[in-house]
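Step one of this worksheet: look at the structure below.
Any read-out appearing in this document is the output of simple, stated calculations on the displayed coordinates, not a laboratory observation. Fair warning: this is a prediction, and the values are worked out from it, not measured in the lab. Positions of Cβ are backbone-derived with ideal geometry, glycine not excepted, and every protein chain shown enters the neighbour counts.
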Amino acid sequence: LPPPRLGAPTLGAIAVTVALVTGQVFFPPKMNVIDAASLADDLSLTAAPAPDTGAGSDAAPRADGKRKRVRSGRTAVARTPAQEAAHARYVDDLGLGAQEAAVLASDDALIAWFNAGLTAAEGRTSAAALAKWTVHELLGRLDAPSAIAEAAFDGAALVALIELLEAETIAAPAAKEVLDVLVAEGGEPAAIVDARGLRRLADDDALDAIIDQVFDAHPAQLADYRGGKTALFGFFMGQVMKASSGRAAPQTVRTRLRARLDAS
């Protein structure tokens with residue numbers, strides 16, 4: 001029989017394979033190395049364990065503050081009891097993904113910073129949103145998780161930034177630009193947004209002016225659209241978003257642009 005045909009491996013499968021062989025996984029873009037032991041545990045995937053000779057077996061939790069070895073296949077990660085407690089809280093009480101929880105609980109300074117952010121986030125944003133921005137955006141801008149102890153801003157500032165994004169006051173690219181400034185200089189997110197003119201357009205007149213500019217720059221496409229080539233709507237949508245530097249809310253642009261294009 002011919003061998004079975006296999007599809008292209010997914011990025012997740014590749015990441016897990018690398019994790020099991022090398023003990024390390026990289027999460028782009030600009031993410032720091034994350035120990036794969038917890039990742040393998042989280043996905044219930046382990047490499048073939050070495051024969052149990054009695055040496056190097058898992059140690060019981062220590063009450064003296066010394067590290068506990070947590071084994072997964074061929075790799076192991078050491079956590080203190082405090083880090084174990086933080087990981088359990090993040091997963092069991094806050095409902096965070098085990099992979100993100102493992103990263104957040106990997107360093108004492110990071111735990112303290114994130115916990116302070118959780119306090120600031122109460123009633124303002126979710127723990128999941130704070131974890132996502134901490135793990136996948138903030139840590140990628142630092143040399144190491146422990147460097148967060150020297151950060152020029154605290155968890156409350158990141159919560160304020162997430163609030164601006166969730167309220168659609170700014171777009172995601174603008175939020176990342178503000179985070180770059182926070183990491184480099186510190187500051188207050190709303191003030192950075194205003195200083196850089198990053199707020200979304202909230203004025204219909206300002207949006208209409210941008211649409212007029214796009215129409216004036218592309219008269220042939222405008223005539224073709226109104227002549228029946230409605231597939232050009234995507235072209236105009238892209239041009240308006242580009243002209244607004246991403247500050248216009250896409251749904252608002254879509255509604256206003258269609259009305260303007262379809263006007264006789």
Total charge of the residues flanking THR252 in space, meaning their Cβ is under 14 Å from its Cβ, with Lys and Arg +1 and Asp and Glu -1, is +2
Given backbone amide H placed at 1.01 Å from N, residues whose amide H is under 5 Å from that of ARG79, ignoring those fewer than 5 places away on the same chain, are LYS68, VAL70
Restricting to aspartates and glutamates and to Cα separations under 17 Å from LYS176, and discarding same-chain partners fewer than 8 apart, the set is GLU137, ASP154, GLU163, GLU166, GLU168, GLU185, GLU188, ASP194
